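What follows is a short report on a single structure.
The values are calculated or read from the model by the stated rules, or taken from the named source; none is laboratory data. No experiment lies behind these values; they were computed from the predicted model shown. Reconstructed Cβ throughout: ideal geometry from the backbone, glycine too, with neighbour counts over all protein chains shown.
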Amino acid sequence: MLRRILDDARRELVADVRRDLDDLRVSLIRGGATEEHQKALARSIATLDEMFLLVVVGEFNAGKSAVVNALLESTSSRRASPPPRRASTSSATARSATAPRAGAATRT
């Protein structure tokens, strides 16, 4: 069984949209809409239950996470850490590379 993705409020919103689209379908039929238009609306109604893929791309610190959080209505204000830069080496890393390993024999 598929896990429910939408909470109760969002499921109700989808149900409201489905009712509105069904009312529109009835209005289109009464108004003499073409079969092509009726089929297009039927496809729209059918896609309400389908999953979709959203891809967000952009430069570093361009606000991608902010956009996704806004879409999800997230209250999280954490920012994603930028990936480490390969060309830079911190002085702590440089020191640890030259320091003797714990338990290693030292010459005196």
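Residue under question is ALA62, and the condition is that it be out of contact with any Phe, Trp or Tyr (no Cβ under 7 Å at 6 or more places or on another chain), among the small types (Gly, Ala, Ser) and modelled with pLDDT under 90; does it hold? Taking the combined requirement at face value, the residue does not satisfy it. THR89 meets the stated requirement of being assigned to a loop (DSSP other than H, G, I, E, B), among the polar types (S, T, N, Q), modelled with pLDDT under 75 and out of contact with any strand residue (DSSP E or B) (no Cβ under 6 Å at 6 or more places or on another chain). Of everything in the stretch 59-73, what is exposed (fewer than 10 other Cβ atoms within 10 Å of the Cβ) and more than 15 Å from the chain's Cα centre (by Cα)? Give them in sequence order. If the condition is that a residue be exposed (fewer than 10 other Cβ atoms within 10 Å of the Cβ) and more than 15 Å from the chain's Cα centre (by Cα), then GLU59, PHE60 are the ones that fit. The condition of being among the charged types (D, E, K, R) and surrounded by 12 or more Cβ atoms within 10 Å (Cβ to Cβ) holds for only one of ARG30, ARG18, that being ARG18. Remark: pairs (first residue in the stretch 53-74, within 25 Å of LEU6 (Cα to Cα); second residue basic (Lys, Arg); Cβ separation under 7 Å; 6+ apart in sequence or on different chains) = VAL56/LYS64; SER65/ARG79. The residue that is surrounded by the most Cβ atoms within 10 Å (Cβ to Cβ), counting only those in the stretch 33-58 that are in a loop (DSSP other than H, G, I, E, B) and more than 19 Å from the chain's Cα centre (by Cα), is ALA33.
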